[in-house]
Amino acid sequence: MTEFVIRGARVLDPAQRLDRVADIKVRDGRIVRLGEHLQAETVVDGRGRWVLPGFTDLCHHLREPGQEGKGTMASELAAAARGGFTRVVCPPDTRPVNDSGAITRLILEKAAAAGSVRVLPLGALTKGLEGEQLSEMDGLCQAGCVALTQARRPVCDLRVLRRSFAYAASVGVKVFMGAQEAALAAGGVMHEGVHASRMGLPSIPSVAETIAVAQLLLLAEDTGVQLHISQVSCARSVEMIAEARSRGLAVTADAGIHHLLLTDEAVTGFNGQAFFEPPLREEPDRKALLEGVEKGVLQAVVSQHQPHDPAAKHMPFAECEPGATAAELVWPLLMKLVTRGELSLEAAARALTTGPAEVLGISAGLAEGQPADLVMVDPNASWTLTPDALISQGRNTPLAGWELPGHVTRVWRDGEAIWQDGHEL
């Protein structure tokens, strides 16, 4: 029997709207009691620390199989553990694409061998993510996929998209979709605005996203599919999702952490580290995303973790590959927004715990009987982001040199420590 007590921590559990100092007792991988003066042979000092449910990331690119030059299961799951994540959802845009049960099983086998963070694969909605033929949805789900997606690849034929939604609805599987109208976005590399004009870069208008959001919402209403819209970037998109939810449509959505902090101004000087897909938008969009997270219109904040080799970001801007390494940074970056007064602590905690759990249809929280997936953070820590200090294989970030508050110190999955004081266990 494995038993321990975390003593005197500030316990934050959005599932119970709990925020108080307490002891947490864990036995055989489950939380058995929250209270005071709890006893066990092993005691973990939680004084001055916060304890939350383990974090869940709805978009974490593991790069393996097929892109091991950018990251491996071992390196990117270690980065996830350091960030406080006990579950990560991985898109199917691997090489080969995860469009069959055999590839799903390979991913799960490699993940089990490489790290102790749970890996929840997304299967390809269409074969090869080419948007033409439906994938083997039943086989993907039976093999362990938690949902289906196009991984930001377009489905230009709305007949195919409608048919795929209808079939997903018939088998009861959720669909994750990025929102971007392919023709309007074609060739674009940043947001359409003053900065794109000044730099002479081909751009992507906000309407490329909002038209796609409208199509997705209408098709979800038509087919009854469980729809999740991934990495929303525009203010108007947040409004449309809120309106659809107010009408009773069961749609969920998320935003990437960098879109809550940066705008298209970050691209100034042709900064390839700030090349994202969807592109960074303008300040009103950033504020609308924050409001969406605060109000629960956007259920989750995702790392959109995309490690790259150095060459991918050191070339002419339009030829750079999009994305940034972020798994180790999401909690400190949310705390930066909290300390600025731009986001409440409750909303920040919810966006990494109960919010993404709601999207996946699973439970999360610190109630008695729940699996002991726990993250302990030091709220008083302050540190400078140095890319070379990251353990992800990708060191690509537009935030080098930022001063960040808060630091993950320990992580448990099913009561077993997987990260402690700077080391994966």
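The values are calculated or read from the model by the stated rules, or taken from the named source; none is laboratory data. Computed from a predicted structure; not experimentally measured. Cβ coordinates were reconstructed from backbone atoms using ideal geometry, including for glycine residues, and neighbour counts include every protein chain displayed.
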* Which condition breaks for residue 242 when tested against (1) closer than 21 Å to residue 322 by Cβ; (2) touching a residue at least 24 places away in the same chain (Cβ under 8 Å)? -> (1)
* To do: Examine segment 131-145 for a residue that is surrounded by fewer than 20 Cβ atoms within 10 Å (Cβ to Cβ), in a strand (DSSP E or B) and at pLDDT 95 or above, and state whether such a residue exists.
  => yes
* Scanning for something of a type in the set (Ser, Thr, Tyr), on the phi < 0 side of the Ramachandran plot, outside any helix (DSSP H, G or I) and crowded, with 22+ Cβ neighbours inside 10 Å, does segment 99-121 turn up at least one residue? -> no
* **When residues of segment 256-309 are limited to those that are among the basic types (Lys, Arg) and in a helix (DSSP H, G or I), the one nearest to residue 360 (Cα to Cα)** => 295
* To do: Could you tell me whether residue 415 is surrounded by 17 or more Cβ atoms within 10 Å (Cβ to Cβ), at pLDDT 95 or above and over 22 Å from the mean Cα position of the chain (by Cα)?
  => yes
* Could you please let me know if residue 236 is closer than 16 Å to residue 300 by Cα and among the basic types (Lys, Arg)? => no
* **Criterion: of a type outside the set (A, V, I, L, M) and modelled with pLDDT under 95 - qualifying residue of 100, 116** => 116
* Among the listed residues 209, 239, which satisfies the condition of being closer than 18 Å to residue 59 by Cβ, assigned to a helix (DSSP H, G or I) and either in the same structural domain as residue 265 (by TED's automatic domain parsing) or of a type in the set (Val, Ile, Thr) (or both)? -> 209
* Which members of segment 70-95 meet the condition of being under 22 Å from residue 152 (Cα atoms), out of contact with any strand residue (DSSP E or B) (no Cβ under 6 Å at 6 or more places or on another chain) and assigned to a loop (DSSP other than H, G, I, E, B)? -> 70, 71, 72, 93, 94, 95
* Structure fact -> Of the listed residues (47, 10, 20), the one being farther than 21 Å from residue 254 by Cα and part of a loop (DSSP other than H, G, I, E, B) is 47
* **Positions within segment 41-52 being touching a residue at least 40 places away in the same chain (Cβ under 8 Å) and either under 19 Å from residue 2 (Cα atoms) or touching a strand residue (DSSP E or B) at 6+ places or on another chain (Cβ under 6 Å) (or both), in sequence order** => 44, 46, 47, 49, 50, 51, 52
* **Failed criterion for residue 65 (all others in (1) crowded, with 18+ Cβ neighbours inside 10 Å; (2) at pLDDT below 95 hold)** => (1)
* Looking at (1) part of a loop (DSSP other than H, G, I, E, B); (2) under 14 Å from residue 191 (Cα atoms); (3) aliphatic (A, V, I, L, M), can you tell me which one residue 318 breaks? -> (1)
* Asked: What number of residues in segment 1-40 are among the charged types (D, E, K, R) and out of contact with any strand residue (DSSP E or B) (no Cβ under 7 Å at 6 or more places or on another chain)?
  -> 2
* **Pairs where the first residue, in segment 293-311, is in contact (Cβ under 8 Å) with a residue 12 or more places away in the chain and the second is part of a loop (DSSP other than H, G, I, E, B) and of a type in the set (Ser, Thr, Tyr), C-beta under 8 Å, 6+ apart** => 294/344; 305/325; 305/392; 306/325; 307/325; 307/392; 308/325
* Among the residues of segment 26-38, is any crowded, with 18+ Cβ neighbours inside 10 Å, assigned to a strand (DSSP E or B) and touching a Ser or Thr at 6+ places or on another chain (Cβ under 9 Å)? -> yes
* Asked: When you look at residue 21, is it buried (at least 20 other Cβ atoms within 10 Å of the Cβ), farther than 20 Å from residue 300 by Cβ and either touching a Ser or Thr at 6+ places or on another chain (Cβ under 8 Å) or at pLDDT 95 or above (or both), yes or no?
  -> no
* Out of the residues in segment 242-251 that are out of contact with any Asp or Glu (no Cβ under 7 Å at 6 or more places or on another chain) and outside any helix (DSSP H, G or I), which is surrounded by the most Cβ atoms within 10 Å (Cβ to Cβ)? -> 251
* Unique residue being in contact with a Pro (Cβ under 6 Å, 6 or more places away or on another chain), surrounded by 15 or more Cβ atoms within 10 Å (Cβ to Cβ) and in contact (Cβ under 8 Å) with a residue 24 or more places away in the chain when the list is 353, 409 -> 353
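Yes/no per residue for (1) touching a Gly at 6+ places or on another chain (Cβ under 9 Å); (2) crowded, with 24+ Cβ neighbours inside 10 Å; (3) among the basic types (Lys, Arg):
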| position | (1), (2), (3) |
| --- | --- |
| 294 | no, no, no |
| 301 | yes, yes, no |
| 341 | no, no, no |
| 357 | yes, no, no |
* Leading residue by the ranking (surrounded by the fewest Cβ atoms within 10 Å (Cβ to Cβ)) among those in segment 161-197 that are without any contact (Cβ under 8 Å) to a residue 60 or more places away in the chain, assigned to a helix (DSSP H, G or I) and not aliphatic (A, V, I, L, M) -> 197
